[in-house]
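Trainee: I'd like to ask some things about the structure below.
Bear in mind that the values in this text are calculations on the coordinates, not laboratory data. No experiment lies behind these values; they were computed from the predicted model shown. No Cβ is skipped: glycine too gets one built from the backbone with ideal geometry, and neighbour counts run over all protein chains shown.
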Amino acid sequence: MALKFEDYYKVLGVSRNATGEEIQKAYRVLARKHHPDVNKAPDAEERFAKIGEAYEVLKDPEKRRKYDTLGENWKHGQDFRPPPGFEGFGGGQRTGSGSFQGGFHDFFEAFFQQQMGGAGRGRSAGGFEDLFGQGGFGGGGPRAQARPRPAQESELTIGLNEAYAGSTRQLTLSTSEVSKSIDLRIPPGTTDGTKIRLRDENLVLRIRVGRHPDFELMGRNLTTTLRIRPWQAALGDKAEVKTLDGPVDLTIPAGTSSGQRLRLRGRGLPNPKGDAGDLFVRVLIEPEKDLSAEARSLYERLRDLS
């Protein structure tokens, strides 16, 4: 069995001994560079999701440790050969070698979720055979009174823009004899943790929404940050705020304090079964750094009047 190893360190452009801070910094730079709202390249959305996928693994010490154990078994650009003992992942009699082309992230999650089991003759232990619903990789004999097998689970990381607007992803499932492409529809308003079942493939995909440089996601609600000047906070003003559907005007009430959250109703993720989530704008007041003589005089006068 072979598949292309996905070098998450190369995706983020960091060394294999990079610190967590270096990984986070690289992610933020790349996420902004390849954000679909900024980068109009045809593959920008896919590249943006891949960057988020790499960061989700490398930012987590445990996931990173497990990922790094694969390092001795790969050479970038060549087929990855799973470590010893992985032969049982799929069970049944085999006459050919199977190949998994659903993406290295899917393999990585499946491998480290301990979904391997022993396989006796004539029955499946789960794994690739169950994962793709192929009934074996070309050597299994007929099965008497076969019991329905529980669906296997894997993860798919998508971008926040995909979660908001929806998209279609093409997945390729392959064996040595058959290659099958599936169009996976991701509906608008898909939240982190949503499960999408592919009944014909006996597969359940758990959706993970990757990090976004401008928004934090919690359920269907989004949070972003707006920086304003002291006079805007004191007197009130209007300011332009980014949303996933384009910029909108936000009214800043007079007397707004730093850290206060203002709500834009219905500007979060859509909900096909009810009200959409909200966008919360966290206000941060930025102090004036380079004051002119006139501005300093006005601040001193304000101080004296207080």
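Trainee: Show the residues, 5+ positions off or on another chain, whose built amide H is closer than 5 Å to the amide H of Leu198.
Mentor: Leu203, Val204, Leu205
Trainee: Something else now. If you rank Glu45, Glu286 by fewest surrounding Cβ atoms within 10 Å, what's the result? Don't skip to the answer; put the middle values down first.
Mentor: Details: Glu45 19, Glu286 12.
If I rank by nearby Cβ atoms, fewest first, I get Glu286, Glu45.
Trainee: For the range 223-285, give the magnitude of the charge dipole about the Cα centre (Cβ charges: +1 Lys/Arg, -1 Asp/Glu; no others), in debye to the nearest 20.
Mentor: Working: 10 positive and 6 negative charges, 33 e Å.
Using Cβ point charges on Lys, Arg, Asp and Glu, the range 223-285 gives about 160 debye.
Trainee: Which three semi-axes in whole Å describe the equivalent ellipsoid of the range 223-285, each the square root of 5 times a Cα gyration tensor eigenvalue, listed largest first?
Mentor: 24, 10, 9
Trainee: How about Lys40: which lysines have a C-alpha closer than 17 Å to its C-alpha, ignoring those fewer than 8 places off in the same chain?
Mentor: Lys50
Trainee: What pairs from Lys10/Lys59; Lys25/Lys59; Lys33/Lys289 go past 18 Å between their alpha carbons? Provide the component values of the computation, followed by the final result.
Mentor: On the way: Lys10/Lys59 14 Å; Lys25/Lys59 11 Å; Lys33/Lys289 29 Å.
Violating the 18 Å limit, Cα to Cα: Lys33/Lys289.
Trainee: Do any trypsin sites (Lys or Arg not before Pro) in the range 240-305 lie in a loop, going by DSSP, with at most 10 other beta-carbon atoms within 10 Å of their beta carbon, and if so which?
Mentor: Details: sites: Lys242, Arg261, Arg263, Arg265, Arg267, Lys273, Arg282, Lys289, Arg296, Arg301, Arg303; in loops: Lys242, Arg265, Arg267, Lys273, Lys289.
Answer by residue number: Arg265, Lys273, Lys289.
Trainee: Treating cross-link reach as a plain straight distance, find the aspartates and glutamates whose alpha-carbon is under 20 Å from the alpha-carbon of Lys66, omitting any fewer than eight places away in the same chain.
Mentor: Result set, ordered by chain and number: Glu6, Asp7, Glu21, Glu22, Glu53, Glu56, Asp79, Glu87, Asp106, Glu109, Glu153, Glu155.
Trainee: Rg(Cα) of the range 183-253 divided by 2.2 N^0.38 Å? Walk me through the numbers before you get to the answer.
Mentor: Working: Rg = 18.4 Å, N = 71, 2.2 N^0.38 = 11.1 Å.
After normalising by residue count via 2.2 N^0.38 Å, the value is 1.65.
Trainee: Subtracting the Cα-Cα distance from 0.36 nm times the residue separation, let me have the gained length for Asp60 to Asp237 in nm, one decimal. Show your work: numbers first, answer last.
Mentor: Working: separation 177, 0.36 × 177 = 63.72 nm, distance 4.09 nm.
Stretched fully, the Asp60-Asp237 segment lengthens by 59.6 nm.
Trainee: In 5 Å bins starting at zero, report the fraction of Cα pairs in the range 178-306 per bin as a rounded %.
Mentor: In whole percents, the pair-distance histogram is 2, 8, 15, 15, 13, 11, 9, 8, 6, 4, 4, 2, 1, 1, 1, 0, 0.
Trainee: Mind sorting Ser15, Ser154, Ser258, Ser306 by how few other Cβ atoms lie within 10 Å of their own Cβ, fewest first? Walk me through the numbers on the way to the answer.
Mentor: Numbers: Ser15 11, Ser154 19, Ser258 14, Ser306 5.
Listing Ser15, Ser154, Ser258, Ser306 from fewest to most nearby Cβ atoms yields Ser306, Ser15, Ser258, Ser154.
Trainee: Thinking of the range 8-70 as a set of Cα atoms, what percent of all their pairs are more than 19 Å apart?
Mentor: On the way: 558 of 1953 pairs.
Tail of the P(r) past 19 Å holds 29 percent of the pairs.
Trainee: Does anything in the range 210-246 have its amide N under 17 Å from the 7 Å Cα→Cβ label point of Glu288, and if so which residues?
Mentor: Label zone hits: 228-237.
Trainee: Continuing with this model, one more query. When the chain is fully extended, how far beyond the present Cα-Cα distance does Asp183 get from Asp68, taking 0.36 nm per residue of separation?
Mentor: Length difference between fully extended and current span is 38.3 nm.
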